[in-house]
Structure formats: C-alpha cells, structure tokens
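Chemist: Dumping the structure here so I can ask a few things about it.
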Amino acid sequence: MITVPAASFVHHSDTEPELLARLANERNPAKKAKIEIRLGTLKLEQAAAAYDKGQVEDGAKLLDSYLSWMKQAWSLLHDSGRDASHRPQGFIDLDIALREDIRKLADLRIHTPLADRNPIERIGVETDALHTQVLAALFPGGQLEGADSTTPVNPKNGPASALRPEGSPP
C-alpha cells in the first residue's frame, strides 16, 4: 500500500514568479489566459492588503496592475479567434473571476475612506465594462439586451413572462 503525505493535498498558492514562469512557457491561449487571470487576482489581493495597511498609493498601483492583467487575458482570448459561445474555455474563467472581483472591489470600496476611493471606483467601472465585453462574447447576438440579473426568466416566454401570472396574456 502506498501512503501519500497529507501535505501533498494542501492547496499550493502560486507566487508571482511561479506564475510568470508558467506564463512564459505556456502556448495554449486558454491556459495562458487562466494564468493571467490568476496574476490579476493576486494583484487585487495585494491591493486590498495595501489599502488595509493605509498604503493608498501602492494599492492604486496594484489595482492598475490587476486591471492590466485582466485586460491582457481578455485580449489574448479575444484575439485567439476562438468563438466563446462554442468554445468557452478561458472565457468562462474570466467571467467568473471578473464577477468575483467586482464583489471584492465593492467590499474594498466600502471599507476605504471616502477620500481614497477614486482609484477603486475607477477600476470597478472598468472591470464592469470588461465583464460586459466577456459576457457579450459568451452570449452573442444581443441575448443580453434588456435582461438584468434581477429579472426572473421564464424560458418559454422571456423575462417579462416571469412577472405575469401563469396563463395570463402577454
């Protein structure tokens, strides 16, 4: 019987140098984008830590670096020629990361003094716009127009039908 040390099951948190080394050697656009997404997430975590320590200028620079990595991941996926609606690898990872990051930025904004919020708000707006582009690639053809996340959807008749009693005319 083979025994595996418990330490081998512990999740290894990637460091920036490790991620940069993996990025330099990766050729698959989806895998490369995933590494860039992880680098961006790492920068956002570092930015939050800097803001927690009152290091506003460092935090703002790290937020810019975060957004740069996320935009780079988007550009790589977009320029790869992949159809996101049919081959969503990488695009879905970016969608999920951006959704989580938008929440993290909102939390960071709430816990940051009003005078120091401008960089966070700017990055939040740009992250939201980037997320909209990713969603448009995943759901082409205007499938997102008029829909918002708070409107329930009845798959038979569209979003508005979910607000009408069953059997009532449209």
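Chemist: Taking the condition of being of a type in the set (Lys, Arg) and either closer than 13 Å to GLN133 by Cα or part of a loop (DSSP other than H, G, I, E, B) (or both), how many residues in the stretch 55-85 meet it?
Modeler: Result for the stretch 55-85: 2.
Chemist: Then there is this: Cβ contacts < 7 Å: first residue touching a residue at least 40 places away in the same chain (Cβ under 8 Å), restricted to the stretch 111-125; second residue in a loop (DSSP other than H, G, I, E, B) and not aromatic (Phe, Trp, Tyr), any location; separation 6+ or different chain. Result?
Modeler: These pairs meet every condition: ILE120/THR112.
Chemist: Now a separate question. May I ask you to verify whether LEU20 is farther than 23 Å from ALA136 by Cβ and in a helix (DSSP H, G or I)?
Modeler: Spelling it out, LEU20 is indeed farther than 23 Å from ALA136 by Cβ and in a helix (DSSP H, G or I).
Chemist: Counting only residues that are closer than 21 Å to ARG103 by Cα and not in a helix (DSSP H, G or I), how many does the stretch 26-54 have?
Modeler: 2
Chemist: Next question, about the same structure. From the list ASP64, ASP58, pick out the single residue that is farther than 30 Å from ASP83 by Cβ, surrounded by fewer than 18 Cβ atoms within 10 Å (Cβ to Cβ) and more than 19 Å from the chain's Cα centre (by Cα).
Modeler: ASP58
Chemist: Looking only at residues that are outside any helix (DSSP H, G or I) and not hydroxyl-bearing (Ser, Thr, Tyr) in the stretch 1-17, which one is modelled with the highest pLDDT?
Modeler: Checking each candidate, the answer is ASP14.
Chemist: Moving on to the next point. Find the residue count for the stretch 38-97, including only residues that are within 21 Å of ASN28 (Cβ to Cβ) and charged (D, E, K, R).
Modeler: Matching residues across the stretch 38-97 total 8.
Chemist: Let me ask you something else. If the Cβ limit is 8 Å and pairs must be 6+ apart or interchain, which residue in the stretch 78-93 that is free of Cβ contacts under 8 Å to residues at least 60 places away in the same chain pairs with which residue that is assigned to a helix (DSSP H, G or I) and of a type in the set (Phe, Trp, Tyr)?
Modeler: These pairs meet every condition: ARG82/PHE91; ALA84/PHE91.
Chemist: So which of LEU44, LEU114, LEU108 is surrounded by 14 or more Cβ atoms within 10 Å (Cβ to Cβ) and over 24 Å from ALA136 (Cβ atoms)?
Modeler: Of the residues listed, the single one that is surrounded by 14 or more Cβ atoms within 10 Å (Cβ to Cβ) and over 24 Å from ALA136 (Cβ atoms) is LEU108.
The values are calculated or read from the model by the stated rules, or taken from the named source; none is laboratory data. Just so you know, these numbers come straight off a predicted model, no measurement behind them. For neighbour counting, all protein chains shown are included, and Cβ atoms are generated from backbone atoms with ideal geometry for every residue, glycine included.
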